Amino acid sequence: MEMDQLVALCKRRGFLFQSSEIYGGLNGFWDYGPLGVLLKKNVKDAWWNDMVMSHNEMIVPKGAPQTYEMTGLDCTIIMHPQVWKCSGHYDLFHDYMVDCRESKKRYRYDHVRGRWVTGTKRGEGGAPGQQMRVFVTTMETENTQTALDEVALKFFGLRKKDVETLQWEGDIFPISRLDDFSDVLGPDAKHVGTLTAPREFNLMFKTVIGALGGEDDASFLRPETAQGIFVNFKNVCDSTRVRVPFGIAQVGKSFRNEITPRNFTFRSREFEQMEIEFFCHPSQSAEWYRYWRDRRFSWYTEMGLAGERLRLREHDADELSHYSCGTADIEYQFPFLPPGEFGELEGIAHRGDFDLRSHMEGKLVKDGNTLVVEKNEHGQPKHRGSGKDLTYYDDLTKERFTPHVIEPSAGADRATLAFLCESYNVDTAPDENGKPQERVFLKFNPRIAPIKAAVFPLVKKDGMPEIAAEIYGELKKSMSVFFDDKGAVGRRYRRQDEIGTPYCITVDGQTVQDGTVTLRDRDTLKQERVKKDELLAELNGRLGR
RNA sequence: GCGGGUGUAGCUCAAUGGUAGAGCCAUAGCCUUCCAAGCUAAAGACGAGGGUUCGAUUCCCUUCACCCGCUCCA
């Protein structure tokens, strides 16, 4: 399937539009159309229903260490600025970058390190040339000096055996200590002075609280919904009777000022997340991590992403965040990605006690194998925590501890996009002359199909429209249905196929006589006669409601 | 943010320094008894801003968006 066909279908049928399209669009922002809003809502509802509403805390689910409770939250998009300082997002999302005019590469300002060196550039025919003092640079590596040797040799046009002729001076230090880059050789450059001045990249959307707000009132749109759950952990414990282990779920918008939004809705600047923060005893956290990883993977397969295009990828040890004991991505092979590449739908992370501790003590950094509060130059916490006690006291075991967190964090827009890609199907169906015609249909799981059924009068006479309208009205009380009496019935079927409607109900001449209608299946094209009074029950059964 | 490419109707494609054409889709009506049929009607576009020009969709500049490659990817 070519992605542009799906994009065209999404626009033609009203699933997705570019934001502010009449003004030329806005990079990284997308609007859901009349059908798209139904589809995405169904995805979110399915998630909420399966994870929260239908969860039975009285029985042990398959694969779980024990029973657990689930509850929900809906937090604000703008939160106290200190939330983002303690979570680490403030420091992490404020990057200074330098660009190389020659190699067209971009580097993180604080990651480019180098050292002064003096050498003699090889001239024409191997003759000695000009002597130069240059600050050669490289990205941080395990052995920075070796990397610098290579860069310097290449710059001066020397062989490996000439390495002794290089006169190094001083220590290796980041270029952020230099005021002037005119004698700096970029990591991938052939000439000196090609690096631009550092420029700030703010990956969080900044806004101002209050009409007269200045820089002191600066706040941020949340880059993830998770932090709202952590800062409300104590409120939830104190106001409901939940006991650890339990999970808090939240669905909501998040915002990231991505450098390169691309690939349709896959990387958007405004997007919606479906997140669970699951709190458990540290001794059980590894088991819970495995439970949630497997549970979330099977959710996607049950929703229709079964097959080779979906995979579970456990992160390597060196890929893990410093606080994590395990992270897995659920990934989908989107059609717009190069062959063999997968895009992340959801990450399941073992976050340890990092988050709750951060909001108690202040922003944490790794010191050896432990987490300690990051200090500023005065020896005080760089970002001060709330000081509130976010530990948990277990009445039964008489134990106080900081719960560990398992975080299944899913992208609602990415899941919706994956379902769209997966359901896009083309087959051939005979037209009225028996000639095979190409048919495009979206093979949605009926749970997420925007329209569950369409009702047609075969022709506009003999009382058929009236009966169809009556059936339509009855069904509409309990599901999204569509009425269509325009044009030939074959065209109406195709139109429903293209938006993924699982069933079409047609009132024909026989309906007037015996009260039965035809029920057509989207995938098999087969029709069965069903009594119109039994239609609702029949549909509910087939839709698994 | 950088480099390259592309912007004409919802889609696919024309033409033009002087009133921008067509097919499909979509809309309304007629006709039609089961898988995109037919007839009729009406509607619909030069991505945006500026400049040159008597006149710019066409030439120039800027900008925006999309595609590809870098970069980024908590």
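The table for this structure:
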| quantity | calculated |
| --- | --- |
| Residue count, segment A:1-15 (criterion: at pLDDT 85 or above and away from RNA strand B (no atom under 11 Å from the Cβ)) | 2 |
| Qualifying residue in segment A:430-444 (condition: of a type outside the set (A, V, I, L, M), under 21 Å from A:L35 (Cβ atoms) and away from RNA strand B (no atom under 13 Å from the Cβ)) | yes |
| Leading residue by the ranking (nearest to A:L35 (Cα to Cα)) among those in segment A:457-492 that are within 6 Å of RNA strand B (Cβ to nearest atom) and touching a Ser or Thr at 6+ places or on another chain (Cβ under 8 Å) | A:V489 |
| Considering residues of segment A:493-523 that are more than 18 Å from A:L6 (Cα to Cα) and in contact (Cβ under 8 Å) with a residue 60 or more places away in the chain only, the residue farthest from RNA strand B (Cβ to nearest atom) | A:D523 |
| Hits in segment A:389-404 (condition: in contact with a Leu (Cβ under 7 Å, 6 or more places away or on another chain) and either closer than 30 Å to A:I330 by Cα or in a helix (DSSP H, G or I) (or both)) | A:T402, A:P403 |
| Positions within segment A:261-304 being crowded, with 17+ Cβ neighbours inside 10 Å and farther than 26 Å from A:V60 by Cα, in sequence order | A:P261, A:F264, A:T265, A:F266, A:R267, A:S268, A:R269, A:E270, A:F271, A:E272, A:Q273 |
| Matching option when the condition is touching a residue at least 12 places away in the same chain (Cβ under 8 Å) and assigned to a helix (DSSP H, G or I), among A:A469, A:A449, A:A454 | A:A469 |
| Set A:D45, A:D31, A:D74: member being in a loop (DSSP other than H, G, I, E, B) and either within 25 Å of A:P450 (Cα to Cα) or basic (K, R) (or both) | A:D74 |
| One residue from A:R159, A:R133 being over 18 Å from A:H111 (Cα atoms) and at pLDDT 85 or above | A:R133 |
| Number of positions in segment A:259-271 that are within 6 Å of RNA strand B (Cβ to nearest atom) and acidic (D, E) | 0 |
| Which listed residue, of A:R290, A:R313, A:R309, A:R296, is of a type in the set (D, E, K, R) and over 21 Å from A:C421 (Cβ atoms) | A:R290 |
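To keep it simple, each residue is scored yes or no on (1) surrounded by 14 or more Cβ atoms within 10 Å (Cβ to Cβ); (2) within 24 Å of the chain's Cα centre (by Cα); (3) among the β-branched types (V, I, T); (4) within 12 Å of RNA strand B (Cβ to nearest atom).
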residue	(1), (2), (3), (4)
A:F17	yes, yes, no, yes
A:F29	yes, yes, no, yes
A:V37	yes, yes, yes, no
A:E69	yes, no, no, no
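The values are calculated or read from the model by the stated rules, or taken from the named source; none is laboratory data. These figures come from a predicted structure and were not determined experimentally. In this analysis, Cβ positions are derived from the backbone assuming ideal geometry, glycine residues included, and neighbour counts consider all displayed protein chains.
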